Every structure is written in C-alpha cells, then in structure tokens.
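The next block holds one structure in the form of structure tokens; read it before the comments.
No value in this document is a laboratory result; all are computed from the given coordinates. Here the structure is a predicted model, which is why all the values come from computation and not from measurement. Quick reminder, even Gly has a Cβ in these numbers, built from the backbone with ideal geometry, and neighbours come from all protein chains shown.
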Amino acid sequence: MQRLKRHDLVMAVLSLISEEFERSDAESIWDVRLPLSAIRGHLTERYGVGYSSDQWLNTQLRRYEDTLGVPLFARHRFAGEDGSRRQAISLYPEMVHFYQKQHLHMADKIKVANGTYDFISRSVAASDPTRECRGLLGAGSTVYHLARIFADRSHSGTRSYRLYTHNAAFIQTFLNENVDYSRLSVVAIGGELEPVTRTILGEHVEAACAADLDFVVQGTSRVCEGRLYIESGQEWNVKTTILRGCSGCKILVCTKHEFADQPLADSEPYGSLQEYDYLVVPRSWQENPRKRYEQVFREHERFLKPEILHWNYAIYSVVS
C-alpha cells in the first residue's frame, strides 16, 4: 500500500486535529490528543494509504519537523486496553516561531487567502485591468498563504501587480522560477530582520505609505471588543504606521480564532476593527458545539455587513 509524501502526511494530520477540535467541546485546539493508531486508521480510510506501525508514522512526522527546524507536535504516552504502552500526539504548545504558526489552523488560513485573492482580483483590481495594481502584504502566516497564491497565479489573467511587503517569510516564494515577473513585481520594505516572526522592522515603511496603494492586507493576533492586538511589541509601530499611514482598501484577514473576550496581556491595541474596510474569515459547515471564539465573533457582527458569502469564506464590509 502506498504512502503519502511527508508534507502531505503532515497536512493530513493537521487537518484531522482541526476536524477533531471542531467536533469536540474543547475550547483550545491544544487540548486535542490523537492516538497514533487512530491517525493510521484515518489515513487508511480517507486516503487509502497504510502505515505499518505507530513508530513508522511518528518517524515520518519527526523527520518533517527536523527539516522544518521547529517542533509541530507534542508526544504523549498512555496505556492501551491491553496494557501496552501507546503514543498520542497533540499540537506543540509553544508555537511562537513563524514556521510553527504557519501550520496552525492551516485549512482555515488557505480558505481566507483564497477568498482575499478572489476579492482583490475581482473587486479591488477590477476597475482598470490595464493598470498595474499596487498592494501591501503585511506580516503573519495567513498573509503568507496569500503571497503564495499571487506567485502561483502570476501567469494567469492580464492584471499585473506590484506588491510591497515587510514579511520576510515569503520573499523566497517570489524568487521561484515559476513566477511571471512581467506581471508580478515585489518591493521589500527595508529594515532589521526579526527572526522569530520573519518580519522586517524599521522606519522604511514610509516608502510604502508614499506609494499609491490599491489595497493593504494585514493579519492580527487578537480581536477583543473591536480592538486589535499583536504578540510582537517590536512590530507594533510598523503595524500602526501601515494601518493609518498607507492608502488603499484595508483588508483584515482572520481565522476567527483571534476573537477573544480578553485582550493580550501587557499589550496595547495597535488599532481597531473599524479602521479596516473589509474582514475576511473562513466559513465552517460542521454542526459542532459553539466555540467561545465563535460566540465572540458573533458579538462583533454589529460592526460587520456581509458582502460575499462563499462556501469556504465570508467577506464582510466593516461599518461604523
């Protein structure tokens, strides 16, 4: 029986963890623990692939983590019904590195990225298809997936884009030989590299603000009572400058998990939800227990007017 490529295997395991979280009454995705034997059964049922032992499956996951350079999973031991020692995994609890967060809620992030690209290409950039469309892609792992879509689709359509960014994590994405540079140009905003969040921090963001931008896409760490917070204090000034100093349509991308009833500790808001023009979030059709973040999101709907309700994503205009 064939097996999945290592990257596809990890994506399948992460998707299963997300699915189990949505079906459960757990309030945190880090509370989800899956026995490796159950994961093996899931892989056989859904993908038609087989792994002969828990050890073999765990080895493949570890090798992917070794290649990535950061842990993604925590390992747990427990006693099976026959008294044997079994192993389960959960998400690694200390996800602070960009490449760890990139894998968190990945399915939702891809939905949001696709929705944002569709909205930009059909709405923001639709007025004059002969004119170069200029935008700024901010920090965060959700925006990373949007950058990949811009790179992958640079050969399609007739629209050309000029993208400004201080997100160092996806610079390599734009250096791929498959990118059509006649339709996609990238301006990296200068500054000092912050290695954990993979952002470029400095005062050179004013150059992007001076450009005539059509759109700005940013993510956030926390939304509480309409105020926005980020985990990195070093990024605070850049985030605020972009939000309040750049022109263009302001688009906030979230997976909904950012919505909480408590602000981030020891941090001040860098802005508010109402400073953005649009919010893009994923849509879920699972009949699951209402999570706390869903309840908090519903409390923010007084600021939101539905514009596009797609099968995979929702786009709201932000109202006063």
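Observations
- Sites listed here are GluC sites (Glu not before Pro) in the stretch 9-110 whose DSSP assignment is loop and whose Cβ has at most 11 other Cβ atoms within 10 Å: Glu81, Glu94.
- Karplus-derived 3J(HN,Hα), 6.51/-1.76/1.60, for each residue of the stretch 234-244, Hz, glycine and proline x: 5, 8, 4, 4, 5, 4, 5, 4, 5, 4, 9
- Taking amide H positions as modeled 1.01 Å from N, with prolines and chain starts lacking one, the residues under 5 Å from Val216 and 5 or more places away or on another chain are Leu136, Cys249, Lys250, Ile251.
- Among Tyr293, Tyr313, sorting on how many other beta-carbon atoms sit within 10 Å of each Cβ, with the fewest leading, yields Tyr293, Tyr313.
- Each DSSP beta bridge with both residues in the stretch 99-318 is either parallel or antiparallel, and the antiparallel ones are about 50%.
- Overall Cα dimensions of the stretch 1-113 - principal axes, largest extent first, Å: 43, 32, 27
- For the chain: relative contact order, % (alpha-carbon pairs under 8 angstrom, 6 or more apart): 14 percent
- Phi-based couplings in Hz for the stretch 272-277 (Karplus 6.51, -1.76, 1.60; Gly and Pro marked x): 10, 4, 6, 7, 9, 8
- Between Trp311 and Ala79, the simple label model (points 7 Å from Cα in the Cβ direction) yields a spacing of 4.8 nm.
- Here the spin labels are modelled as points 7 Å beyond Cα on the Cα-Cβ line, and at Gln274 and Arg298 they lie 2.3 nm apart.
- Global form of the stretch 217-320, assessed from the alpha-carbon gyration tensor, a/c cut-off 1.5: oblate
- Inter-label distance, nm, simple model (7 Å from Cα along the C-beta direction), Glu94/Asn178: 3.6 nm
- Over the chain, DSSP H runs of length four or greater, each weighted -39,500 (n - 2.57), average out per residue to a 222 nm ellipticity of -9000 deg cm²/dmol.
- Database remark: amide H of Val186 closer than 5 angstrom to the amide H of Leu163 (H placed geometrically; neighbours at sequence offset of 5 or more, or on other chains; Pro and chain starts carry no H).
- Degrees separating the helix 6-23 axis from the principal Cα axis of the chain, which is the longest one: 90 degrees
- Spatially close Lys pairs in the chain, defined by Cα atoms under 22 Å apart and a spacing of eight or more places or different chains, total 22.
- Three semi-axes of the equivalent ellipsoid, the chain, Cα gyration tensor, whole Å, largest first: 35, 23, 19
- Projecting the Cα atoms of Val13, Asn58, His76 onto the charge dipole of the stretch 6-94, computed from C-beta unit charges around the Cα centre, puts Asn58 farthest toward the positive end.
- Check: the chain dipole with +1 on Lys, Arg Cβ and -1 on Asp, Glu Cβ, in debye: 760 debye
- ³J(HN,Hα) computed for each position of the stretch 163-176 - Karplus, 6.51 cos²θ - 1.76 cosθ + 1.60, integer Hz, glycine/proline x: 10, 9, 7, 10, 9, 5, 5, 10, 4, 4, 4, 7, 9, 6
- Taking amide H atoms as placed 1.01 Å from N in the peptide plane, the amide H of Gly140 has no partner under 5 Å among residues 5 or more positions away or on other chains.
- Stretched out straight at 0.36 nm per residue, the stretch from Ser156 to Ser53 would grow longer than its current Cα-Cα span by 32.7 nm.
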